[in-house]
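This report refers to the structure that appears directly beneath it.
The values are calculated or read from the model by the stated rules, or taken from the named source; none is laboratory data. Bear in mind the structure is a predicted one, so any value in this text is a computation, not a measurement. Quick reminder, even Gly has a Cβ in these numbers, built from the backbone with ideal geometry, and neighbours come from all protein chains shown. Heads up: the accessible areas ignore ligands, DNA and RNA and are worked out on the full protein's heavy atoms, side chains in. Shrake-Rupley method; radii C 1.70, N 1.55, O 1.52, S 1.80 Å.
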Amino acid sequence: MPTRAIVFAYHDVGVRCLRVLLDAGVEVPLVVTHADAAGENIWFGSVAELAKLHGLRCVSPADPHVPELLAEARVAEPDFLFSFYYRHMLKAPWLQLPRRGAFNMHGSLLPQYRGRAPVNWAIIEGATRTGATLHRMNERPDNGAIVDQCAVPILIDDTAHEVFGKVVVAAEIVLARSLPRLLAGTAEETPQDLSQGRYFGGRKPEDGLIPAAASARQIHNLVRALAPPYPGAFCRINGKRIRIDRTRLVGRPLHAPGTGLRCLSEAGRLWLLAADGSALEVLAVHGDAGVPDLAGFEEFLGGRCVPLDT
């Protein structure tokens, strides 16, 4: 009989990893995904559409722990449960249900960047690499033993969207090369040394406010971690919200009047000057009504250099 797996999946990682299972001949009696949230920028692939294409039963409950769904899953008698970027924590009744274990694909090199938004946090923290990790699930988030992982580089100007694209490929590689060993029962698992990383929480759009004391590199990291399609890093000038979408680090200090975090505009170019004297050029920006393009910032600022609202 074919191996059977129940799959919890969402986002691009969910799409690609579900395709890996199907390509390997794994029978998937049930797919659990999320209904797209109203108002969310849906820029990624649809697990529900992929399931429909392959004739798979697919549900999107607000709470995956309802008794009816668990009862249906027990009848399916799955060998495995896989979670691929599913957004809810799965509790013991799900984790204990599959005969051969439950496994999760996480978007970092565990034990680093456990928890929410791992790609965004890695960039904010200035990491130079991240990746994807397949690990056994338990009731603590991103805590179980590692089956396999694959690293990808984070370049100095990479945005989170660009890095996430690399992580999707890494996740596909990890699952494709680990799945034969899981099916054969020969996969080795390595316990995590949790002292080598830490847990990170979720992020909200308001967390994109550029801190007044941040250095140019810290601002650059925040900007690229939150660049479109994410909500964006932002500042305020004279009460107007300005989203900074792309920046470039400047190798030399720029001399301008004032102290603290401030904007400098001249000859159609815009810079952010950090409180420590470091600087970066703003390459793309948009904001509230009345906020101009880069060429109009000198007039908008009403002067060559002005402090940002704090």
Here the gain from full extension of Leu283 to Tyr199, 0.36 nm per residue of separation minus their alpha-carbon distance, amounts to 27.0 nm
Using each residue's phi in the stretch 110-121, evaluate 6.51 cos²θ - 1.76 cosθ + 1.60 at θ = phi - 60° and report the 3J(HN,Hα) Karplus result to the nearest Hz, with x for Gly and Pro. 4, x, 6, 6, 6, x, 8, 6, x, 5, 4, 5
For a quick check of understanding: with a 1.4 angstrom probe and all protein chains in place, what accessible area in square angstrom does Arg100 have, to the nearest ten? 70 Å²
In degrees from 0 to 90, rounded to the nearest 10, what is the angle of the helix 11-23 Cα long axis to the longest principal axis of the chain? 30 degrees
For the residue pair Asp309 and Arg181, what label-to-label distance in nm results when each label sits 7 Å from Cα along the Cα-to-beta-carbon direction? 5.4 nm
Quick one: check the C-alpha center-to-center distance for the stretch 98-143 versus the stretch 259-284, whole angstrom. 35 Å
Taking the 0 to 90 degree range and rounding to the nearest ten, how far is the long axis of helix 160-184 tilted relative to the main principal axis of the chain, both from C-alpha atoms? 20 degrees
Report the Rg/Rh value for the chain, based on alpha-carbon coordinates and the Kirkwood definition of Rh. 1.07
Along each of its three principal axes, how wide is the spread of alpha-carbon positions in the stretch 1-134, in whole angstrom units, largest first? 47, 33, 30
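Using a Förster distance of 30 angstrom, determine the FRET efficiency expected from the C-beta separation of Asp207 and Leu249, and round it to 0.05.
Taking R0 as 30 Å, the efficiency between Asp207 and Leu249 is 0.85.
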So what is the accessible area of the chain per residue, in Å², with the probe set to 1.4 Å? 46 Å²
If the stretch 181-255 were replaced by its equivalent ellipsoid, with semi-axes equal to the square roots of 5 times the Cα gyration tensor eigenvalues, what would those be, largest first, whole Å? 38, 16, 13
